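What follows is a set of notes on a single structure, which appears directly below.
The values are calculated or read from the model by the stated rules, or taken from the named source; none is laboratory data. None of these values were measured; they are calculated from a predicted model. Ideal geometry is used to build each Cβ from the backbone, glycine not excepted, and the neighbour counts take in all protein chains shown. Side chains are part of the model used for accessible areas, which takes the heavy atoms of the whole protein and leaves out ligands, DNA and RNA. Shrake-Rupley method; radii C 1.70, N 1.55, O 1.52, S 1.80 Å.
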Amino acid sequence: MLSIYTELLQKRGHKIFIVSMPPLQPTLLQKLRSLLRGWGWESAPKTQKSHFDKVDLKSRVIETNRPITDLDVRNAHIVMATWWENAEWVAKLSPSQGTKVYFLQDYEAFDYVPKGRVEATWRLPRHKIAVAQWLADIARNEYGDLSVSLVPPTVDTKQFYDPQSRAKQPRGKQLVPTVGMYYTTTPWKGCDSALKAFSIAAKKFPNLPLVAFGSGHTPPPNLRSDGTEYNKAPTQDQLKDFYSKCDAWPFSSSSEGFGLPILEAMGCGTPVIATPAGGGGILVKPEDPEDMAKAIEEICHLPDAEWRAMSETA
């Protein structure tokens, strides 16, 4: 989202400068775990792939993970925080650094962060930009903040599309339907639930393929078995190929700021199975692998004509 907004703002004549943190170094425990699993000694990459790689802009990766200061954002007219922690940093910048804005991508009072500090950033007296209506509602109803703009995201249809449809070749359901998913260990993404749902469905559809991609340094053990394809840290240009080779895309989050992968998959003509945290083609109960497995089976059973209709609707 931020890279798209950056590109559009620059086309309108604004100058954007991005300040970001360096890549996190793997912990000793992560290195030992990788070694014991036979994947070698894991080291952090010197550079990380970024959504901004294709955007022509000025940026700076600071030397270490530390708070942003006035020296990092000199001569700015507007400074926008994108996460509760850097919202704290932006709050301490001098008024000379311009108007301060808070970009709300989720309600980040997660179990592993200090909830009180997150809530304090929401009380900061500054304009907020929310990516979803439920975030704008929290700001207004729970924090009494009327200075909130709603800017829901979209996807770039030049990037996310069905290659077959673009080539005017009709796409139908594959003889052996393929299931796809994004994998992360982030708890509220519910990937363990999605994998369990897939394993239940696979008992009724032997040799059911699974295609997954993620941003982790090494594939997790439950995605290294036969019949699965795991793609580690693919480029943005590769994503449409993963979405387009699938007949169903489960989305298992229990909470989301905005479920952007749903739009990406549907932009590629792939029917989505999702929890109500993000919406989709077939809605299922959160954290219910059995219900999600039924939805996978339902799509696998669809006649080709009905699957095509669902794909075109997506």
Overall Cα dimensions of the stretch 1-144 - principal axes, largest extent first, Å: 51, 36, 28
Other-chain or far-sequence residues with amide H under 5 Å of residue 172's (modelled H): none
Among 184, 82, 64, residue whose mean-square fluctuation peaks in a GNM of the chain (springs only between Cα atoms under 10 Å): 64
Under the Karplus curve 6.51 cos²θ - 1.76 cosθ + 1.60, θ = phi - 60°, whole-Hz ³J(HN,Hα) for the stretch 57-63, x wherever Gly or Pro sits: 8, 8, 8, 8, 9, 5, 6
Rg and Dmax of the stretch 87-148, Cα atoms only, in Å: 11.7, 35
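Counting pairs of alpha carbon atoms under 8 Å apart in space and at least six apart in sequence, what relative contact order in percent does the chain give? All intermediate terms of the calculation are to be shown ahead of the outcome.
Working: 508 pairs, mean separation 40.6, N = 314.
Dividing the mean separation by the residue count of the chain yields 13 percent.
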Derived scalar couplings ³J(HN,Hα) [the stretch 110-119; Karplus, 6.51 cos²θ - 1.76 cosθ + 1.60; whole Hz; x for Gly, Pro]: 6, 4, 9, 10, x, 4, x, 6, 4, 4
Option label - Rg and Dmax of the Cα atoms in Å computed here, alternatives (1) 18.8, 65; (2) 21.2, 64; (3) 19.8, 65: (2)
Part-to-part distance (alpha-carbon centres) for the stretch 131-200 and the stretch 262-311, which is given in Å: 11
Probe 1.4 Å - accessible area at residue 186, Å² to nearest ten: 40
The chain: most fluctuating residue of 204, 128, 232 per GNM, C-alpha cutoff 10 Å: 204
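Using a 1.4 Å probe over the heavy atoms of the protein chains, calculate the carbon and sulfur portion of the accessible area of the chain as a whole percent. Intermediate values should be presented prior to the final figure.
Details: 9460 of 17590 Å².
Roughly 54 percent of what the probe reaches on the chain is carbon or sulfur.
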Sparse-neighbour loop sites [GluC sites (Glu not before Pro); the stretch 51-120; at most 14 other C-beta within 10 Å; DSSP]: 63
J(HN,Hα) series, the stretch 297-314, from Karplus relation 6.51 cos²θ - 1.76 cosθ + 1.60, nearest Hz, glycine and proline x: 4, 4, 5, 4, 7, 4, x, 4, 5, 6, 5, 4, 4, 5, 5, 5, 5, 4
